[in-house]
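**Student:** If you scroll down you'll find the structure; I have some questions about it.
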Amino acid sequence: MLAVKQGPPDEFAWIESLRPLTRGDARALDLRDDAAILPSRPGFDLVISTDATVEGVHFLAAEKPDIIARRMLRTSLSDLAAKAAEPFGYFLLTAWPPGRDQAWRDGFKRGLALDGEAFGVALLGGDTVSMPGPFTVSATVLGWTPQGRAVRRSGARAGDLIVVCGAIGDGVLGLRAARGEIADPHGVLANRYRLPEPLFSLRQALRDRAHAAADVSDGLLADAGHIADASGLGLSIDLDRLPLSTEGRAWLGAQPDSAAASLALATGGDDYALACAVAPADAPAFIAAVRARGVLAAIVGTFDAQSGVRATHAGAPIAVEQPGWRHS
Ligand SMILES: [Mg+2]
């Protein structure tokens, strides 16, 4: 499992130092075996997702190491939140370029410890390697759902409403704020980009009423489009109905072209909101349950039997040229 390949001698010390991240979980075998051993859990399905993040591509090259660790874990866990799963563990791959000193590694580890505790996930194994660069980290996250109860992308039905839980646009605005491209006096938007919140609080609401769900990493139009595609449907979204944070609303209000600006929010990505398919009759109760958890919720459109992703603004269709949407 945490075997050393081509690494400098201190890789053994690195693995040793990761042991507290197992949080005493016996399944990790103290990171001393070739593998982790997970007893099966009758009546439950194991839900697994892997993400890789690369410095300079998925996070800013100058980002602090604890934030890199936490953001990586949170964006990976968001996929489990979209399945209405309860997370319990993760496997970690780190690929180190030369020149990361002990303080940097300690910061990275501190971030993992902090969010490992916050989300109740234990390090169960992984691997660590050295390479020319850039720094790359991958997490494979694991969670349980009661058998047959994981929410899939493929369950949407024609006529289902598209309900978005969480704010749309804060991801792309936060990235721009973190780069200093837009005003963010209190760092609120940049923080939302750096530390997105996986919406595990919506687990029961999803299990009760969502036919399908996906987390919004690529952009609302793309990710709702993934649900439509997996379900053999198309969709239409009204860009006037996006759930926006106070900061997102303020930004949008200051833009000269509100159609283009709304489209930018709906295609920007990194929101880690959830796009859900909900039957019209279930929508009021679903939205009430989401809002009761302090999470924004809005009906933004409909899944239907027409093909493609369609968007309107101020009642008029607008052209969607969506990078990542491959089924135009
Ligand atoms: Mg996802």
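**Student:** Can we say VAL216 is buried (at least 24 other Cβ atoms within 10 Å of the Cβ) and over 27 Å from MET72 (Cα atoms)?
**Tutor:** On the way: buried (at least 24 other Cβ atoms within 10 Å of the Cβ): yes; over 27 Å from MET72 (Cα atoms): no.
In short, no.
**Student:** Now a separate question. Residues to consider are ASP271, ASP223; find the one that is part of a loop (DSSP other than H, G, I, E, B) and touching a Ser or Thr at 6+ places or on another chain (Cβ under 9 Å).
**Tutor:** Going through ASP271, ASP223 in turn, just one is part of a loop (DSSP other than H, G, I, E, B) and touching a Ser or Thr at 6+ places or on another chain (Cβ under 9 Å): ASP271.
**Student:** Given the conditions (1) away from the ligand (no atom under 13 Å from the Cβ); (2) open to solvent by 40 Å² or more (accessible area, probe 1.4 Å), which single one is not true for ALA230?
**Tutor:** Every listed condition holds for ALA230 apart from (1).
**Student:** Which of the residues that make up the stretch 173-208 are under 17 Å from the mean Cα position of the chain (by Cα) and closer than 17 Å to ILE67 by Cα? So that I can check it myself, show each step before the final result.
**Tutor:** Of all residues in the stretch 173-208, those under 17 Å from the mean Cα position of the chain (by Cα) come to 173-175, 189-203, 206.
Selection gives GLY174, LEU175, LEU189, ALA190, ASN191, ARG192, TYR193, ARG194, LEU195, PRO196, GLU197, PRO198.
**Student:** Could you please tell me which pairs satisfy a Cβ distance under 6 Å, a separation of 6+ or placement on different chains, a first residue in the stretch 204-219 that is near the ligand (Cβ under 10 Å from one of its atoms), and a second residue that is part of a loop (DSSP other than H, G, I, E, B) and open to solvent by less than 40 Å² (accessible area, probe 1.4 Å)?
**Tutor:** Close Cβ pairs satisfying both conditions: ALA213/VAL151; ASP215/TYR272; VAL216/ASP271; VAL216/ALA273; SER217/GLY269; ASP218/GLY269.
**Student:** Residues that are within 23 Å of ALA85 (Cα to Cα) and either surrounded by fewer than 19 Cβ atoms within 10 Å (Cβ to Cβ) or within 12 Å of the ligand (Cβ to nearest atom) (or both): does the stretch 177-196 have at least one?
**Tutor:** Yes, there is a match, as at least one residue in the stretch 177-196 is within 23 Å of ALA85 (Cα to Cα) and either surrounded by fewer than 19 Cβ atoms within 10 Å (Cβ to Cβ) or within 12 Å of the ligand (Cβ to nearest atom) (or both).
**Student:** Look through ALA224, ALA260 and report the one residue that is touching a Phe, Trp or Tyr at 6+ places or on another chain (Cβ under 9 Å) and assigned by TED's automatic domain parsing to the domain that holds ARG194.
**Tutor:** Values: ALA260 fails: touching a Phe, Trp or Tyr at 6+ places or on another chain (Cβ under 9 Å).
None of the other options fit; the residue is ALA224.
**Student:** Where the second residue is buried (at least 17 other Cβ atoms within 10 Å of the Cβ) and of a type in the set (Asp, Glu) and the first is under 15 Å from MET72 (Cβ atoms) and lies in the stretch 96-111, which pairs have Cβ atoms under 7 Å and are six or more apart or on separate chains?
**Tutor:** Partner pairs satisfying both residue conditions: GLY107/ASP66; PHE108/ASP66; ARG110/ASP66; GLY111/ASP66.
**Student:** Within the stretch 76-96, can one find any residue that is more than 16 Å from the ligand (Cβ to nearest atom), closer than 16 Å to ALA139 by Cα and part of a loop (DSSP other than H, G, I, E, B)?
**Tutor:** No, the stretch 76-96 contains no residue that is more than 16 Å from the ligand (Cβ to nearest atom), closer than 16 Å to ALA139 by Cα and part of a loop (DSSP other than H, G, I, E, B).
**Student:** Further, regarding this structure: Quick check, is ALA52 more than 22 Å from ALA213 (Cβ to Cβ), more than 16 Å from the ligand (Cβ to nearest atom) and among the hydrophobic types (A, V, I, L, M, F, W, C)?
**Tutor:** Values: more than 22 Å from ALA213 (Cβ to Cβ): yes; more than 16 Å from the ligand (Cβ to nearest atom): no; among the hydrophobic types (A, V, I, L, M, F, W, C): yes.
So ALA52 does not fit the description; no.
**Student:** On to the next question. Take ALA167 and decide whether it is open to solvent by less than 40 Å² (accessible area, probe 1.4 Å), closer than 30 Å to GLU55 by Cβ and outside any helix (DSSP H, G or I). Walk me through how you get there before you give the answer.
**Tutor:** Numbers: open to solvent by less than 40 Å² (accessible area, probe 1.4 Å): yes; closer than 30 Å to GLU55 by Cβ: yes; outside any helix (DSSP H, G or I): yes.
For ALA167, the condition - open to solvent by less than 40 Å² (accessible area, probe 1.4 Å), closer than 30 Å to GLU55 by Cβ and outside any helix (DSSP H, G or I) - is met.
**Student:** Still on this structure, I have one more. When the residues of the stretch 60-70 are filtered to those that are within 16 Å of the chain's Cα centre (by Cα) and more than 11 Å from VAL137 (Cα to Cα), which remaining residue is farthest from the ligand (Cβ to nearest atom)?
**Tutor:** In the first step, residues of the stretch 60-70 are kept if they are within 16 Å of the chain's Cα centre (by Cα); the result is 67-70.
Still in the running and more than 11 Å from VAL137 (Cα to Cα): 67, 70.
Working: ILE67: 20, ARG70: 18 Å.
The selected residue is ILE67.
**Student:** What about VAL141, is it buried (at least 20 other Cβ atoms within 10 Å of the Cβ) and within 20 Å of the chain's Cα centre (by Cα)?
**Tutor:** On the way: buried (at least 20 other Cβ atoms within 10 Å of the Cβ): yes; within 20 Å of the chain's Cα centre (by Cα): yes.
When the stated conditions are applied, VAL141 passes them.
**Student:** Please indicate, with yes or no, whether at least one residue in the stretch 252-259 is surrounded by 12 or more Cβ atoms within 10 Å (Cβ to Cβ), assigned to a helix (DSSP H, G or I) and either at positive phi or not polar (S, T, N, Q) (or both).
**Tutor:** Within the stretch 252-259, the subset surrounded by 12 or more Cβ atoms within 10 Å (Cβ to Cβ) is 252, 255, 258-259.
Restricting the remaining residues to those that are assigned to a helix (DSSP H, G or I) gives 252, 258-259.
If we keep only those that are either at positive phi or not polar (S, T, N, Q) (or both) as well, we get 252, 259.
Scanning the stretch 252-259, I find at least one residue that is surrounded by 12 or more Cβ atoms within 10 Å (Cβ to Cβ), assigned to a helix (DSSP H, G or I) and either at positive phi or not polar (S, T, N, Q) (or both), so the answer is yes.
**Student:** Which residues, counting only those in the stretch 267-309, are closer than 30 Å to ALA178 by Cβ and not aliphatic (A, V, I, L, M)? Give the derivation first.
**Tutor:** Kept after step one, since they are closer than 30 Å to ALA178 by Cβ, are these residues of the stretch 267-309: 267-276, 290-291, 293-298, 300-301, 309.
Answer for the stretch 267-309, where residues must be closer than 30 Å to ALA178 by Cβ and not aliphatic (A, V, I, L, M): THR267, GLY268, GLY269, ASP270, ASP271, TYR272, CYS276, ARG291, ARG293, GLY294, GLY301.
**Student:** Six or more apart or on different chains, Cβ under 8 Å: which pairs go from a residue in the stretch 253-273 that's under 17 Å from LEU175 (Cβ atoms) to one that's exposed (fewer than 15 other Cβ atoms within 10 Å of the Cβ) and not aromatic (Phe, Trp, Tyr)? Could you list them?
**Tutor:** As it stands, the answer is ALA261/GLN255; LEU263/ILE318; THR267/PRO323, since those pairs meet every condition given.
**Student:** Let me confirm something: among GLY43, GLY99, GLY107, which residue is small (Gly, Ala, Ser), more than 16 Å from the ligand (Cβ to nearest atom) and either in contact with an Asp or Glu (Cβ under 6 Å, 6 or more places away or on another chain) or open to solvent by less than 20 Å² (accessible area, probe 1.4 Å) (or both)? Explain how you work it out, then say what you get.
**Tutor:** Numbers: GLY43 fails: either in contact with an Asp or Glu (Cβ under 6 Å, 6 or more places away or on another chain) or open to solvent by less than 20 Å² (accessible area, probe 1.4 Å) (or both); GLY99 fails: either in contact with an Asp or Glu (Cβ under 6 Å, 6 or more places away or on another chain) or open to solvent by less than 20 Å² (accessible area, probe 1.4 Å) (or both).
Only one candidate passes the filter, namely GLY107.
The values are calculated or read from the model by the stated rules, or taken from the named source; none is laboratory data. All figures in this text were calculated on a predicted structure; none of them were measured in a lab. No Cβ is skipped: glycine too gets one built from the backbone with ideal geometry, and neighbour counts run over all protein chains shown. Protein only, heavy atoms only, side chains kept; ligands, DNA and RNA dropped before computing areas. Shrake-Rupley method; radii C 1.70, N 1.55, O 1.52, S 1.80 Å.
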